[in-house]
1. Being closer than 26 Å to residue B:378 by Cβ, of a type in the set (Gly, Ala, Ser), assigned by TED's automatic domain parsing to the domain that holds residue B:256 and not in a helix (DSSP H, G or I) is true for just one of B:180, B:171, B:198, B:231. Which residue is that?
2. So which residues in the stretch A:40-54 are more than 9 Å from chain B (Cβ to nearest Cβ) and either without any contact (Cβ under 8 Å) to a residue 12 or more places away in the chain or crowded, with 16+ Cβ neighbours inside 10 Å (or both)?
3. Can you name the residue in the stretch B:249-280 that is within 19 Å of residue B:369 (Cα to Cα) and among the small types (Gly, Ala, Ser) and, of all such residues, is surrounded by the most Cβ atoms within 10 Å (Cβ to Cβ)?
4. What are the residues in the stretch A:88-137 that are within 14 Å of chain B (Cβ to nearest Cβ) and free of Cβ contacts under 8 Å to residues at least 24 places away in the same chain, if any?
5. Return yes or no: is residue A:35 under 30 Å from residue B:424 (Cα atoms), without any contact (Cβ under 8 Å) to a residue 24 or more places away in the chain, more than 10 Å from chain B (Cβ to nearest Cβ) and more than 19 Å from the chain's Cα centre (by Cα)?
6. Just the residues that are crowded, with 16+ Cβ neighbours inside 10 Å and more than 24 Å from the chain's Cα centre (by Cα), please, taken from the stretch B:337-366.
7. Considering the stretch B:68-118 alone, what residues qualify as being within 19 Å of the chain's Cα centre (by Cα) and farther than 22 Å from residue A:214 by Cβ?
8. Out of A:102, A:43, A:85, which single residue is farther than 24 Å from residue A:180 by Cβ, among the hydrophobic types (A, V, I, L, M, F, W, C) and assigned to a helix (DSSP H, G or I)?
Amino acid sequence: MIFTIAHKELKSMFSSPLAWVVLAFVQGVIAYVFIGSLNGFLIAQAQLARTPNAAGLTEIAIVPMFGVGQMLLLMSIPLLTMRLISEEKRNQTMAFLISAPISMTQIIVGKFLAMATFLFLILLLIACMALSVTAGGTIDSGLLIANLIGLFLLGISFAAIGIYISCLTTHPVVAAILSLAVFLGLWIINLASSNPESWLNVVSLLKRFEGFMNGFVGIADVAYFLVITCFFLVLSIRRLDSERLRA
Amino acid sequence: MKITSRFRTGVLVQNGIFLALLLAVSVLVVFLAQQSNIKLDLTYSQRNTLTDETLALLQDIDAPIEITAFAFPDADGDMQSVVSKFLTPYQAAKSDIRVNFVDPREEPNIARQAGVTKNGELRIKINERSENLKSHSEQDLVNLIIRLMRFNKRVVVGLIGHGEGDLRGQGSRDLGDLAGQLTARGFKLDTLNFASGGMPNPGDNVLLIASPTSDLLPGETNRIKRFVDNGGDLLWFVEPNKTGKLDELADLIGIELPLGIVLDPGAKLRGLPSATFALAAHYGKHPITEKMESNTLFPHSRMIVPADDGEFRFAPLVEVAEQGWFESGDIKNATFDPKSDIKGPIVVAAALERNTKERTQRIVVVGSAFAFSNEYLSSLGNSDLALGMLNWLSGDEKLISIAPKSRVDLNLDLSPLAVSLIVNGFLVVLPLGFICAGGLIWWRRRRA
């Protein structure tokens, strides 16, 4: 049942131009950054080979894609999650879903899976770009994998928060603005937490992503992203349940 | 079901309890995961992870380590982030490593006091001793920490009483400035006067003979020979034109010190006062000189030649006067005489090693009395060279060698076709394709 919902949700996502525009925008910007830093590596290559402990191709050309990728997710995920629940409410289709023989958990998890699939698609595009340089060299595949894992975890955390906010309102635009505001708030936390001992580092999603960008997969970081994801998914389910009770 | 106000309150309370429990569980999970401290380093050859030797060393150190990083953003990028990335694993391994950033452009005085010359240079301080680190490599940092900790308690003992350069003196031929730099790096210094004191124990000391101007008594020479014979480490600066009755010592360690002086006509062209000043730009392959980047100045220097039969392994450290020669005659209006003189380059400093029963005995001979004196220590790279010599002589056997982490991704050779495919495919075709797909769907839905 969950997969039916996920499938339906993906279908409706890609039958509106929005998902395509987001995909084109994300691909365009990331490719631009990738080609820029690839060019930088080609120019600096001879000098880097002589410098001990210099950064390699993966760090110079591929990791920046993930740096800009997190900002692009921060901006585009609100656009995709905004209509997941609030539009169902607005179009009065929520009543059908609620009265159908499925649980709220199935609805939320189904929609979340659709978002996760979309994220997976973006990661696939980035991975393709990263792997394209293997035509002329080798890359540090471990570092690439750590980055992919990190960006996926960051993305699903954003998606879960976006879905919860979408549950709160009947206006998709309001949901989008609210989500964007929350994500920007998270970003500002990251900027504010320059002191390494600050507790903000424990809370900040983007700060935790930095570890993945350096090639670390920390249990604490993975757990934090998963806890944030589950927390907001459970809250969303609770929210829909209590609305069903009221209806 | 009838919804009463009591029912509503019940739901509210239930929701509150649920939220509190959910929050508690989440915080607990995050807290527990935070304690685990397990981090997988997925990079090739675990580039981010410190070696076991380094971790063990950091565990051994009780004192806090203070690091001042002199870094500012320049054309090559933000040096501050490079430095903090380099230091992060150390801070993770030892919690009382404090890093403090200083922008040398804003605080030039602090940078000058610390003797900083390079963007990204680090000043490492442990137990009131400090030393600068220019390279960001694990091996260099670890060995610097080992040197600062001075696990071995060896003492540098300066011989006095025969007009030698004195470690406590402030005169132009004394070595007070060198002594100051050594103390700051954790060396222990002492002086030895044969009139009042006995010979130090060869195993625990480095003997410094800084060019005696008057002759040693035969008995004193014998005591020094016995010290060296028993495996004592020695740093010997040789006075020009005389050896102070130490020729027997030269024989013992297997070197010859021909009388004369090195002349370098090129030095005068470079603005040095006379041809008796020689500039060294070439260094032998040796641990002392492998890190030398700058030139050094050798005033009034003499030649060191290995004797044919010696127990010691001879390694030239410094060669000077590539265009000059070793003059054995009068230096007034001297010209090169192929019969008596020797053409450059001339070796003016050498390191000698011999394996004794317990350890490796180390000796450095410098053919100049003045190169490291107060007057010339601050010239060019002279102080770096002097510190290198003493670091090697006080030879911490604990120094460790850590191979630099290898990388796979240093080369990229893309054919023009591949470049054009990457640029056009990812930057033009894919985004345009997505836009077209979106447009097509929008158009079809409008028609439907």
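1. Details: B:180 fails: not in a helix (DSSP H, G or I); B:198 fails: closer than 26 Å to residue B:378 by Cβ; B:231 fails: closer than 26 Å to residue B:378 by Cβ.
Among B:180, B:171, B:198, B:231, only B:171 is closer than 26 Å to residue B:378 by Cβ, of a type in the set (Gly, Ala, Ser), assigned by TED's automatic domain parsing to the domain that holds residue B:256 and not in a helix (DSSP H, G or I).
2. If the condition is that a residue be more than 9 Å from chain B (Cβ to nearest Cβ) and either without any contact (Cβ under 8 Å) to a residue 12 or more places away in the chain or crowded, with 16+ Cβ neighbours inside 10 Å (or both), then A:43, A:46, A:47, A:50, A:51 are the ones that fit.
3. B:278
4. A:124, A:127, A:128, A:131, A:132, A:134, A:135, A:136
5. no
6. Once the filter is applied, which keeps residues that are crowded, with 16+ Cβ neighbours inside 10 Å and more than 24 Å from the chain's Cα centre (by Cα), the stretch B:337-366 yields B:341, B:342, B:344, B:345, B:346, B:354.
7. B:68, B:70, B:111, B:112, B:113, B:114, B:115, B:116, B:117, B:118
8. A:43
The values are calculated or read from the model by the stated rules, or taken from the named source; none is laboratory data. This structure is a prediction, so every number in the text was calculated from the model and none was measured. Glycine gets a Cβ as well: all are built from the backbone with ideal geometry, and neighbour counts include every protein chain shown.
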